[in-house]
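To start, the structure under review is shown below, and the notes come after it.
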Amino acid sequence: MRHLIIDGYNVIHALKELREMLAFGIDAPAGRLVDFAKQIHDNEAIRVTVVFDGKDGSIDRPTPEASFSVIYAPADLSADGVIEQLVAQSKNPEDTTVVTQDFSIAQLVRAAHSFVIDAQAFRNWVDRSGVRQDAYMRKLKATKLDNHIDLENRPLI
């Protein structure tokens, strides 16, 4: 299964729409980033891990699926260190993509034969994923409407 790893605070600071939300605290932009990641997870069937710098070293599962997680780096390790470990432990590094603007992390990821995309490429991916999902839902809705019984206009027997 493909694995998308997101350098949380790095991406928040890189995307203007999230960076502007920082004026109201970190929770809103972090939540929005997790929403973006969830969209990719759900629409693309990709394992997703969002990594943030220290809270308490915990792992949150905002969904019941084990394939989506939010990791808070422990006090003695940065998010970069957690990302480095995740990439190093990958059984299939060519199936791993990291979203970051951090040059050092990007070099490490590429050296491990994994892929790197920047924050804007990630945001574009989220948008494309949403468009595909909307088109699929419209098609599904049209199909269901074509196959329904119109109770109001049915002939009386």
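Where a number appears in this text, it was derived from the coordinates with a stated rule and is not lab data. Computed from a predicted structure; not experimentally measured. Reconstructed Cβ throughout: ideal geometry from the backbone, glycine too, with neighbour counts over all protein chains shown.
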Theoretical FRET efficiency, 1/(1+(r/R0)^6), r = Cβ-Cβ of SER78 and ARG2, R0 25 Å, to 0.05
0.50
What is the calculated FRET efficiency for SER90 to ARG110, with r their C-beta to C-beta distance and R₀ = 22 Å, to the nearest 0.05?
0.95
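Tally Lys/Arg at +1 and Asp/Glu at -1 over every other residue whose Cβ is under 15 Å from the Cβ of ARG19; what's the total?
Charge balance near ARG19 sits at -2.
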What ratio of Cα Rg to 2.2 N^0.38 Å holds for segment 1-106?
1.01
